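> Can you keep this structure in mind? I'll have questions shortly.
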Amino acid sequence: MRFGLILRNTGPASSREAIEAGAETAERLAWETVWTTDHVLVPRAAASEYGRTYEAISTLAWVGARHPRLKLGTSVIVVPQRNAVLLAKELATLDLLSEGRLIVGVGVGWNETEFANLGASDRFHRRGAYLDETIRLWRHLWSGSSEPFEGAFHSFGDFVFGPLPAQRERVPIVVGGSSPAALRRAGALGDGYHATRVTADELAQRIPAVRAATEAAGRPMPALSARVTVTTERTEAAGYSLADPEAILREIRAFESLGVEHLAPAFDATDPAKLVAAIERFDSEVVKALVG
């Protein structure tokens, strides 16, 4: 099992200091990846969690320049809210400047009001098709192909695209979501499936759908990763409590038995110093215990 960290780039406690504290600690402890969360212009009903969000790609660029040993992931970009070609350029640039450290987590989103706020309301009910086409579009552009691209949303033949990502079309694309369409997308188009706020038992119920789509497409099984919430105290809310590290270890071993290769905890600590302490405690009591 490899570990990454969900950075504190969203929520009322998001700050430059919290982002840096998390990234510095993850690199110092030799965790593999840091991940950012994406939202842009949510309605007031979602403000408590996403009203203050540091832009996902810009944040990774800043972190990547400061911490050269960390891989950089999005968990996840709401692709249909954005221009797919501009995203291709932004992600290619980040991958090249970071020397091939990018992992692109993608999803379709869920908040129709946010789509409307961004002038993308016409895509909301076609967002799955838009994401499917975008994945194909990115791989086409990132490969360096000069052949025309024809799709339902994008069509162009006279173009030049550069720079190319360091990983070219092999930039890992991991698909988030829990719907049947998302699971099919992960199997048919993704390099990985990135589950969010899921238990091992819940993930076990999703894997057959991913595997069936993989087999139908004649592709290898995508890598499996999971984003989980870790609380500093015991709580009835969803997530894992540092007050019970043995329970966390049991759940991680259950993830491992399913083939999950990467776990990305999001810690509820809001103060940067307390966040560092929580990460260090998780590393000492959980990560080290797994390999000890």
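Readers should treat all values here as calculations from the given coordinates under stated rules, not as data from a laboratory. Just so it is clear, the model here is predicted, and its values are computed rather than measured. Glycine also receives a Cβ, built like all others from the backbone with ideal geometry; neighbour counts cover every protein chain displayed.
> Starting from the 7 Å offset along Cα-to-Cβ, what nm value, one decimal, do you get for the label separation of residue 65 and residue 250?
According to this spin-label approximation, the distance is 4.7 nm.
> Which order do peptides 278-288, 3-13 fall in by mean Cβ count within 10 Å, highest first? Provide the component values of the computation, followed by the final result.
On the way: 278-288: 17.7, 3-13: 21.9.
Descending packing order for the listed peptides: 3-13, 278-288.
> Now for a separate question. Using a simple charge model, +1 on the beta-carbon of Lys and Arg, -1 on the beta-carbon of Asp and Glu, nothing else, what dipole does the chain show about its Cα centre, in debye to the nearest 20?
With only Lys, Arg, Asp and Glu charged at Cβ, the dipole is about 300 debye.
> Further question: For Cα pairs less than 8 Å apart in space and 6+ apart in sequence, what is the mean separation divided by the residue count of the chain, i.e. the relative contact order in percent?
Numbers: 567 pairs, mean separation 51.4, N = 292.
That works out to 18 percent.
> Tell me, what is the percent relative contact order of segment 219-281, built from C-alpha pairs under 8 Å that lie six or more residues apart?
Relative contact order here is 39 percent.
> To the nearest whole percent, what portion of all C-alpha pairs in segment 79-187 is separated by more than 26 angstrom?
Counting pairs separated by more than 26 Å, the tail of P(r) holds 18 percent.
> Quick one: if you stick a label point 7 Å off each Cα along the C-beta vector at residue 258 and residue 169, how many nm between them?
For residue 258 paired with residue 169, the spin-label model returns 3.1 nm.
> With unit charges on the beta carbons (Lys and Arg positive, Asp and Glu negative) and the dipole taken about the Cα centre of segment 2-291, which residue among 287, 231, 83 sits farthest to the positive side?
The Cα lying farthest towards the positive end belongs to 83.
> On a C-alpha basis, how far is the centre of segment 53-113 from the centre of segment 10-27 in Å? Whole number, if you could?
Here the two parts' Cα centres lie 17 Å apart.
> Between residue 129 and residue 197, what is the FRET efficiency for a Förster distance of 35 Å, r being their Cβ-Cβ separation, to the nearest 0.05?
Calculated value: 0.85.
> Same structure, new question: Please figure out what share of the DSSP beta bridges in the chain is antiparallel and state it in percent, rounded to the nearest 5.
Details: 3 of 36 bridges.
Bridges in the chain are about 10 percent antiparallel.
> Calculate, in nm to one decimal, what residue 212 and residue 285 gain on full extension: separation in residues at 0.36 nm each, minus their alpha carbon distance.
22.6 nm
> Right, another one. Between 263, 203, 183, which gets the highest mean-square fluctuation from a Gaussian network model of the chain, Cα cutoff 10 Å?
203
> When the Karplus curve 6.51 cos²θ - 1.76 cosθ + 1.60 is applied with θ = phi - 60°, which whole-Hz ³J(HN,Hα) does each residue of segment 4-13 get, with x for Gly and Pro?
Those phi angles translate into x, 10, 7, 6, 8, 9, 9, x, x, 8 Hz.
> Normalized C-alpha radius of gyration of segment 149-292, against 2.2 N^0.38 Å?
For segment 149-292, the normalised Cα radius of gyration is 1.29.
> Considering only the other residues whose Cβ falls under 13 Å of the Cβ of residue 181, what net charge follows from Lys and Arg at +1 and Asp and Glu at -1?
Computed value for this residue: +4.
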